[in-house]
Structure formats: structure tokens, C-alpha cells
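Undergrad: Okay, handing you the structure first.
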Amino acid sequence: MNKIDLVAGALVIVGAVNWGLVAVAEFDLVATLVGLEFGETNALSRVVYGLVGVSGLWLAARSSTLLSGASHRDQVAA
């Protein structure tokens, strides 16, 4: 796993937490962090949302490589 995978993973987690908060508490963490109300967007929030989306696509495209690499390391260590 490289640094891009780690950053993408962190952004996907941020997106998942944000959507969980939207569903459970009607609270948009990203909007709040950039000084907006629920449902509002500006350039900065759209960049964050875009990075989260691109990160999800990145991890989806790399999922078989990442998963096979983890199982290979486990087999080598055993």
C-alpha cells in the first residue's frame, strides 16, 4: 500500500462519516467545517466532495490489488 492509497482511504472514511452524520443527525460535517449550512456548497466543499469521490473510485479500481497484496503478506509471514 502506498501513500496515495492511504490518503484515499482517509478521504473515503471522511466521506463515510459525513454521510453517516447526514443520515443519523442531519448534520453535514464538510459544510460545517467550511462555514456553510446543511446542504450548501461552495468551491472548497465541492473540492472536498470531489476528492472523496475520486478516492472512492481509486480504491475501487485498486481493491483487488490491495486485497491480494494483504493476503500475500499474510501467507509470507506464516
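Undergrad: Could you say which residue among ALA43, ALA16 is surrounded by fewer than 13 Cβ atoms within 10 Å (Cβ to Cβ) and over 30 Å from LEU67 (Cβ atoms)?
TA: ALA43
Undergrad: Right, something else. Here are the criteria: (1) at positive phi; (2) surrounded by 13 or more Cβ atoms within 10 Å (Cβ to Cβ). Tell me which single one VAL34 does not satisfy.
TA: For VAL34, the failing item is (1).
Undergrad: Can you name the number of the only condition in (1) loosely packed, with under 11 Cβ neighbours inside 10 Å; (2) modelled with pLDDT of 95 or more that ALA77 fails?
TA: (2)
Undergrad: Follow-up question, since we're still on this one. Checking the condition over 16 Å from the mean Cα position of the chain (by Cα) and part of a helix (DSSP H, G or I), which residue from SER45, SER64 passes?
TA: After applying the criteria, what remains is SER64.
The values are calculated or read from the model by the stated rules, or taken from the named source; none is laboratory data. None of the values given here were measured: they were computed from a predicted structure. Neighbour counts are summed over all protein chains in view; Cβ atoms, including those assigned to glycine, are modelled from backbone coordinates with ideal geometry.
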